[in-house]
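Every read-out reported here was derived from the displayed coordinates using simple, explicitly stated rules and does not represent laboratory data. Being a predicted model, the structure only gives us computed values, none of them experimental. Neighbour counts are summed over all protein chains in view; Cβ atoms, including those assigned to glycine, are modelled from backbone coordinates with ideal geometry.
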Amino acid sequence: MAMSNASSTLSSTFYLTGIPGYEEFHHWISIPFCLLYLVGVTGNCTILHVVRTDPRLHEPMYYFLAMLSLTDIGMSLPPVITFFRVLWSISREIQFNICVVQIFLIHTFSFTESSVLLAMALDRYIAICHPLRYATILTPRLIIKVGIAALLRSAIPLIPLPVRLAFFPFCRSHVLSHSYCLHQDIIRLACADTQFNVVYGLVVITMLWGLDVLGILVSYAFILHSVLKISSREGRLKALNTCASHICAVLILYVPMIGLSIVHRFAKHSSPFIHIFMAHIYLMVPPVLNPIIYSVKTKQIRQRILHLVFSLKISSV
């Protein structure tokens with residue numbers, strides 16, 4: 001009976017929602033979102049290209065930046081496909097199994113990005129507090145292990161959530177309130193006890209994001225303690241300036257995330273537009289702003305991109 005129920009659930013169809021009340025403007029609304037997505041993909045691919053092709057950037061800091069760009073692309077790609085299908089009136093339907101995969105990928109890359117930001121904080125801690133041991137501690141082999149560990153640490157704890165979803169009966173409306181699948185949106189429609197998913201989801205968020213935030217704060221506490229020991233003002237500013245881009249990246253990820261969580265938990269009866277807007281800000285803003293911030297604030301990245309742009313212009317003449 002349970003297996004039969006799971007089979008029917010996996011083959012069932014759900015319906016995505018665009019932006020309620022603005023259906024006639026969906027095509028126009030898609031234009032800025034499409035531009036944002038293209039800017040994000042172009043920016044992150046550019047970062048990956050310059051890090052790969054410039055030997056001067058083959059250092060731990062830039063390897064972690066490349067990981068951040070990969071997770072940005074991975075985090076924005078799964079929801080964007082269904083989002084534009086809805087806005088362009090291609091289809092609002094989505095199969096439940098595809099919906100579950102989308103949920104898993106979105107949350108996996110979101111948690112992975114948080115883990116990468118923690119690794120980048122530790123990178124800055126070692127660079128400032130233990131500069132003489134920097135190259136010996138952060139070897140290429142260790143960086144690869146950190147990247148794999150970040151992905152596994154994010155993916156494995158999430159597996160029970162989609163597995164449980166497959167066995168839920170959905171006897172209510174199959175209309176989702178977003179243009180892509182969210183875990184909290186799916187369980188809202190289930191006709192079963194969803195307490196495990198709610199509690200387990202909260203535990204996973206606390207253990208992953210909570211520990212990442214704690215690790216970042218502790219790293220910066222040590223960094224600040226070390227920087228204050230530097231006698232010259234210029235030396236202190238130079239040390240802190242190397243952390244500016246990373247601090248911005250942390251804020252760009254966590255501020256929209258906290259805002260989305262607050263809206264879902266404490267503003268359930270607010271306008272659907274607010275929920276949808278916050279959900280897309282959370283997934284689309286970090287991939288757009290991260291490469292821009294690192295391009296502006298990091299001299300080596302900025303110089304390499306300018307060199308690439310001018311080379312393309314000269315070759316096209």
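Look at Leu228 and say whether it is farther than 22 Å from Ala279 by Cβ and touching a Lys or Arg at 6+ places or on another chain (Cβ under 9 Å). Taking the combined requirement at face value, the residue satisfies it. The set of residues in region 285-308 that are of a type in the set (Ser, Thr, Tyr) and closer than 15 Å to Met67 by Cα contains only Tyr294.
Residues of region 185-221 being part of a helix (DSSP H, G or I), surrounded by fewer than 16 Cβ atoms within 10 Å (Cβ to Cβ) and of a type outside the set (Val, Ile, Thr), which ones? Across region 185-221, the qualifying residues are Gln195, Phe196, Tyr200, Leu202, Met207, Gly210, Leu211, Leu214, Leu217, Ala221.
Test Leu189 against the criterion of being touching a Ser or Thr at 6+ places or on another chain (Cβ under 7 Å) and of a type outside the set (Gly, Ala, Ser), and give yes or no. The answer is yes for Leu189.
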